[in-house]
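Some notes on the structure that comes next.
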Amino acid sequence: MGTQSAEDFKEIHSLMGMLQNLDVGLVILDREYKIQLWNSFMESHSGLMPYQVRDKSLFEMFSEINEDWFRHKAESVFLLNNRAFTTWEQRPYLFKFKNYRPITGKAEFMYQNATIIPLGSADGRVERIGLIIYDVTDVAVNRVELKAANDELKRLSRTDRLTGLYNRGFWEECLGREFKRCKRTGSVSSMMIFDIDHFKKVNDEYGHPTGDEVIKAAAEALNISLRETDVAGRYGGEEYVVILVNTSAEQAMIYAERLRKLIEQTPVSHLNQTVNYTVSLGIAEINDDIASHEEWIEYADKALYRSKEGGRNQANVYS
Amino acid sequence: MNPTLNVTITEDQRDCYQEISNVAMGQAADLLARLLDVHVILPIPVVNLLEVNELRMALSGIESTDSVSGVCQGFIGNGISGEALLIFNDASFGDISKLLKYGGELDNSLELELLMDVANILIGACLRGIAEQLDVVFSQGHPIVLGQHVNLAELINANNYRWTKTLAVEINYKIEGFDINCDLLLLFTEEAIEALNTKINFLLDD
């Protein structure tokens with residue numbers, strides 16, 4: 001052996017040592033998806049020695065890998081001689097390995113990104129593919145937690161604390177969108193506003209905690225009677241609003257009457273006291289005269305005013 | 001940022017970039033056509049030197065009100081670095097799903113699969129085409145999902161771009177007979193433009 005080839009051999013030996021110690025999973029697969037190379041990262045995390053997996057089918061050895069999905073990705077690498085990447089967002093992992101930090105880590109398993117690279121032969125055909133597995137658990141866990149926190153913030157910023165209905169700000173945004181949608185598509189929706197009759201008296205007579213219970217009870221009655229597409233919010237102290245999507249004033253009136261009767265028949269019990277209460281409602285159907293969603297609210301408010309004038313515990317449509 | 005950087009391109013250089021993009025784009029379209037067995041309509045790539053805050057205007061193939069999804073992928077090699085952005089009109093997913101022959105309901109995760117599949121092909125092939133012509137080798141980072149079902153402004157503004165100028169190559173892919181519309185944007189950093197211009201000048205001298 002000449003000096004040159006001895007040097008070459010040394011270099012290859014060092015290179016192999018580096019590859020073995022690389023803290024990244026390296027796998028080589030042949031055209032039949034049989035494992036040809038298995039580095040120490042794979043060995044340590046899977047508990048399987050290279051001789052145990054060599055020439056074995058990837059899918060037989062690792063049932064957690066969705067065969068159809070993986071073939072879909074890998075075949076394009078064989079066919080097109082083009083790299084493919086998969087992220088943990090598609091599938092959390094390819095190989096179900098335990099978290100590298102079993103004690104302080106928050107996830108049970110290792111989130112993985114994977115790169116599939118074509119390994120060509122001299123004639124340009126792809127005969128093998130290389131699989132590189134990256135541990136991205138920390139990134140993934142942080143991202144998932146951040147998203148959960150943001151979702152919760154979003155929910156909180158939209159919700160009225162006492163009733164769990166949408167708050168005024170978010171509800172008005174929804175009404176603005178519905179207004180534009182109706183104008184664009186020519187569909188007919190209605191909005192309804194209602195408030196609790198003589199609420200001040202409830203507070204004065206029974207105290208504020210009971211008053212709060214009444215506000216919650218009205219919200220609950222509203223929630224029960226709501227259809228899936230309706231959007232309900234708490235507009236002010238004892239004022240509530242609902243967008244009734246694809247609903248005419250006539251249909252809205254049926255809905256309003258149902259809600260009015262439900263509330264009339266459902267007294268609130270709190271601290272050994274029973275409070276009977278009623279609501280007055282106003283309805284406005286969208287029409288060409290209404291130029292903004294604010295105006296839409298005004299129209300419904302006028303109908304509500306008529307219900308108050310008319311003796312309360314009733315519903316009216318703006319006309 | 002170094003103010004003395006040469007961040008201009010001449011008309012000749014622009015033509016040259018256009019030609020290089022054309023070849024690379026053609027190779028990518030060929031791969032896509034082979035994988036999907038369809039005819040890909042070849043657009044003319046648009047090469048522009050622009051301020052990053054003009055990025056939205058560069059995405060001419062997509063309306064600002066459309067709901068879109070996007071991925072980006074960084075690349076670097078021989079002093080040339082940048083990012084590839086693939087932006088998909090959400091209305092395209094139905095047809096793409098048919099073409100890629102994925103079964104099942106079209107939900108968020110399936111859309112992500114489709115997005116990644118197309119990104120793998122188009123970005124990979126385009127970058128390889130450009131690298132071969134410039135005689136460089138690019139390392140590619142892992143793709144990152146920028147967002148799903150957002151509008152263009154949300155997709156772009158969510159990211160705090162640090163460069164002021166970028167060389168942008170926009171390729172708007174369409175597929176014949178299908179409602180598929182996606183924009184591939186190759187963005188090169190300010191520093192990269194200088195390195196690119198040097199490479200290009202060799203080609204222009206020939």
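The values are calculated or read from the model by the stated rules, or taken from the named source; none is laboratory data. Note that this is a predicted model, so its numbers are computed, not measured. Cβ placement follows ideal geometry from the backbone for every residue including glycine, while neighbour counts extend to all protein chains displayed.
Residue count for segment A:291-318 under the criterion of being part of a loop (DSSP other than H, G, I, E, B) and either basic (Lys, Arg) or in contact (Cβ under 8 Å) with a residue 12 or more places away in the chain (or both): the result is 5. Of the residues B:Ala153, B:Ala168, which is surrounded by fewer than 16 Cβ atoms within 10 Å (Cβ to Cβ), away from chain A (no Cβ under 14 Å) and under 18 Å from the mean Cα position of the chain (by Cα)? Going through B:Ala153, B:Ala168 in turn, the sole match is B:Ala153. Run A:Lys183 past the list (1) crowded, with 17+ Cβ neighbours inside 10 Å; (2) assigned to a helix (DSSP H, G or I) and report the number of the one that doesn't hold. Failed condition: (1). Residues in segment A:96-140 that are surrounded by 15 or more Cβ atoms within 10 Å (Cβ to Cβ), aliphatic (A, V, I, L, M) and farther than 30 Å from A:Glu75 by Cα: A:Ala107 alone.
A:Arg177 falls short on exactly one of the conditions (1) over 19 Å from A:Glu285 (Cβ atoms); (2) within 25 Å of the chain's Cα centre (by Cα), and that condition is (1). Of the strands (runs of 3 or more DSSP E) lying entirely inside segment A:52-165, those containing at least 2 residues that are facing another protein chain (nearest Cβ under 10 Å), aliphatic (A, V, I, L, M) and out of contact with any His (no Cβ under 6 Å at 6 or more places or on another chain) span A:112-120.
Looking across A:Asp30, A:Asp23, A:Asp55, one residue alone is in the same structural domain as A:Pro118 (by TED's automatic domain parsing) and under 25 Å from B:Phe138 (Cα atoms). It is A:Asp23.
Among the residues of segment A:81-95, the ones that are surrounded by fewer than 21 Cβ atoms within 10 Å (Cβ to Cβ) and not charged (D, E, K, R) come to 4 in all.
Quick one: in segment B:106-132, which of the residues that are more than 21 Å from B:Asn172 (Cβ to Cβ) and in contact with a Leu (Cβ under 9 Å, 6 or more places away or on another chain) is nearest to the other protein chains (Cβ to nearest Cβ)? Only one residue tops the list, namely B:Glu113.
Scanning segment B:88-105 for residues that are touching a helix residue (DSSP H, G or I) at 6+ places or on another chain (Cβ under 7 Å) and in contact (Cβ under 8 Å) with a residue 60 or more places away in the chain, we see that the one that is nearest to the other protein chains (Cβ to nearest Cβ) is B:Leu100.
Sort through A:Ala300, A:Ala284 and tell me the only one that's assigned by TED's automatic domain parsing to the domain that holds A:Tyr166, buried (at least 18 other Cβ atoms within 10 Å of the Cβ) and closer than 29 Å to A:Asp204 by Cα. Break it down into steps so the answer makes sense when it comes.
Numbers: A:Ala284 fails: closer than 29 Å to A:Asp204 by Cα.
None of the other options fit; the residue is A:Ala300.
Residues of segment B:137-183 that are of a type in the set (Gly, Ala, Ser) and either under 15 Å from B:Leu122 (Cα atoms) or modelled with pLDDT of 80 or more (or both): B:Ser139, B:Gly141, B:Gly147, B:Ala168, B:Gly177.
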